[in-house]
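The values are calculated or read from the model by the stated rules, or taken from the named source; none is laboratory data. Since the structure is predicted, the reported quantities are computational estimates derived from the model, not experimental observations. Glycine gets a Cβ as well: all are built from the backbone with ideal geometry, and neighbour counts include every protein chain shown. To get the accessible areas, we keep the full protein, side chains included, count just its heavy atoms, and leave off ligands, DNA and RNA. Shrake-Rupley method; radii C 1.70, N 1.55, O 1.52, S 1.80 Å.
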Amino acid sequence: MKVLVPVKRVIDYNVKVRVKADQTGVELANVKMSMNPFDEISIEEALRLREAGKAEEVIAVSIGVQQCQETIRTALAMGADRGIHVLHDGELEPLAVAKMLKAIADKEGPSLILVGKQAIDDDCNQTGQMLAALLGWGQATFISKLEVGDTELTATREVDGGLETLTLKLPAVLTTDLRLNEPRYASLPNIMKAKKKPIDQMSPADLGVDPSPRLETLRVVEPPKREAGVIVADVAELVEKLRNVAKVI
């Protein structure tokens, strides 16, 4: 069984995001970038499936600028077998990414695609669901536990009322939540080995996909600073401020 894992290059979660002076987007120059944390969880789960004898090959895929190869190398250092890089310098939206992943899935023939439930840069939470719809495969989102058999899998996901358990036939698309596992650190020997692992590079045109954005960003602004709280003398004053100032009652 092949497992396909998309990995996205995003601003590191420890970095404070700054808006550009012209408000056209966020500042990416001289900013530390890393693999999306939810994608690290997807890679880890795929590696555990391979170690358990459930999977034979783990393929890491990244779509974006040339530096995305560094993200793929991180996945290879964690233990992925090979990488695929779709080179594109422009803006990418979830639907275009899903279409390119579908084209790669049609070519590679994986039995399972593990997608991080969302990227921490845009928080769209759309790619996995769109990909499953395009492929016509079953899907389970936000999974916190996974058991894979020969022809089907069982996924546990958290919902408002507790836990929901789904049984899906393979092939399937899953999106991973934080509680699924704790990703491993890449060891120095594996980092050196990753330099020799193959990364195939292609373009959106090779996949027959037009990645032109359908949405236009008008401007990006930072959220307003939170105002300091006030101390009220009694309940009557609190109710008065809630009604007349905050206007929430």
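Scanning the range 102-116 for residues that are open to solvent by less than 40 Å² (accessible area, probe 1.4 Å) and within 19 Å of ALA46 (Cα to Cα) turns up ILE104, ALA105, GLU108, PRO110, SER111, LEU112, ILE113, LEU114, VAL115, GLY116.
The residue of the range 116-132 that is nearest to TYR13 (Cα to Cα), among those that are touching a helix residue (DSSP H, G or I) at 6+ places or on another chain (Cβ under 8 Å) and of a type in the set (A, V, I, L, M), is ILE120. Here the condition is being within 28 Å of GLY208 (Cβ to Cβ) and within 16 Å of the chain's Cα centre (by Cα); of ILE72, ILE120, it holds for ILE72 alone. The single residue among GLU57, GLU27, GLU45 that is among the acidic types (Asp, Glu), modelled with pLDDT of 95 or more and out of contact with any Ser or Thr (no Cβ under 9 Å at 6 or more places or on another chain) turns out to be GLU57. The one condition from (1) closer than 22 Å to LYS196 by Cα; (2) open to solvent by 50 Å² or more (accessible area, probe 1.4 Å); (3) not hydrophobic (A, V, I, L, M, F, W, C) that LYS99 does not meet is (1). Does LYS241 satisfy being more than 30 Å from LEU87 (Cβ to Cβ), open to solvent by 80 Å² or more (accessible area, probe 1.4 Å) and without any contact (Cβ under 8 Å) to a residue 24 or more places away in the chain? The answer is no for LYS241. Scanning the range 167-185 for residues that are surrounded by 15 or more Cβ atoms within 10 Å (Cβ to Cβ) and in contact with a Ser or Thr (Cβ under 7 Å, 6 or more places away or on another chain) yields LEU170, PRO171, THR175, THR176, ASP177, LEU180. Here the condition is being in a loop (DSSP other than H, G, I, E, B) and over 27 Å from ARG18 (Cβ atoms); of LYS196, LYS225, it holds for LYS196 alone.
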